[in-house]
């Protein structure tokens with residue numbers, strides 16, 4: 001019992017938003033004048049979305065304070081470099097809270113760390129790995145990423161812990177503010193991808209182990225610290241995400257080969273893959289209010305299903321993207337200007353195809369889902385928040401993107417002589 005009480009006190013200590021605010025101040029981040037006074041007045045505001053901080057914890061009231069980046073109180077700012085948080089058009093957040101920072105370097109560094117867990121990074125990193133480096137490695141990384149992100153998103157909506165209270169925390173990002181906070185899926189992704197990359201590539205690729213360990217450590221540290229710097233997670237959220245990702249890696253790493261071989265070789269793999277991922281997306285969530293969590297999870301599952309189905313079609317048609325066994329272990333020493341130029345050209349052409357696929361499928365699936373389920377689509381933002389629209393739109397759109405990533409684009413490369 002004494003140990004449980006100590007752990008509870010430690011958890012409460014690590015969840016304290018003042019720790020986040022202290023780290024932000026250490027890095028030179030400042031909110032508007034009157035920031036501390038606004039903390040007490042915030043308790044009078046009404047409830048906000050899932051990620052909003054609980055007013056009851058700070059002012060004895062019911063519900064949430066202003067949240068979503070809106071700060072009651074003064075308009076004045078210190079005369080440093082001023083910025084506004086990136087907003088999410090689906091959540092009605094206006095991103096009106098300005099902040100200032102004394103260090104542009106730290107701002108851009110931690111913004112880079114945050115992007116390492118966002119869609120822009122995934123749509124560049126995974127395709128580059130599959131098209132230019134090692135498709136064998138890329139498929140397995142995506143399998144691990146799908147399970148890590150799926151379990152992390154589900155855990156958030158089971159635990160339902162709010163984001164750090166603002167104030168005292170300065171929200172440098174509000175894009176995912178409608179989601180719950182525990183665990184940090186950015187921290188999970190930023191831990192799982194570099195560690196999985198190290199585990200899967202060492203021995204298959206020739207590089208010093210120390211270099212791989214340093215790269216994985218710096219990657220993980222940057223992503224985890226960036227979520228505290230941005231004011232989106234408490235220290236406890238980040239530590240929990242880090243440990244949770246390691247646990248999932250320990251469990252799933254031994255079976256990744258079995259999953260990938262099943263996806264490639266089993267006759268009815270596409271039917272099972274599509275059914276399983278669709279069922280996980282439909283039956284996993286019972287949200288109290290809408291958040292971006294459900295759509296993001298459907299997006300991840302759809303992408304994983306599309307990549308797995310594309311891999312199966314490649315195998316059935318004899319289109320082998322994996323390096324020949326005689327070339328193992330692989331090395332970067334053969335990099336030339338021609339090889340580098342072809343790699344960049346493949347990435348440029350391939351990503352354009354993926355983005356066009358995404359746009360086309362989005363334009364087709366949202367009106368179709370609205371028509372099938374008889375949902376008004378005059379307000380697209382409202383329509384996309386409905387489960388009947390959100391799940392098929394995200395699942396089909398990103399499933400098609402994943403399929404294009406693994407099959408359509410490699411076939412295009414083969415046709416134009418870029419394979």
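Derivation of every value follows stated rules applied to the coordinates shown; laboratory data play no part. These figures come from a predicted structure and were not determined experimentally. For neighbour counting, all protein chains shown are included, and Cβ atoms are generated from backbone atoms with ideal geometry for every residue, glycine included.
Structure notes:
- Averaging Cα coordinates gives a centre for segment 116-181 and one for segment 7-21; these two points are 23 Å apart.
- Counting other Cβ atoms within 10 Å as a rough exposure proxy, the listed residues 171, 267 run 267, 171 from fewest neighbours to most.
- Protection proxy ranking of 141-147, 260-266, by the mean of other Cβ atoms within 10 Å over each peptide's residues and highest first, is 141-147, 260-266.
- Ordering of 306-316, 217-227 by packing [mean C-beta count within 10 Å, highest first]: 306-316, 217-227
- Ordering of 403-412, 174-183, 155-164, 207-216 by packing is 174-183, 403-412, 155-164, 207-216, highest average first (other Cβ atoms within 10 Å, averaged per residue).
- Likely footprinting exposure, 30, 119, fewest C-beta neighbours within 10 Å first: 119, 30
- Relative contact order, whole percent, for segment 110-416 stands at 24, derived from Cα pairs under 8 Å and 6 or more residues apart.
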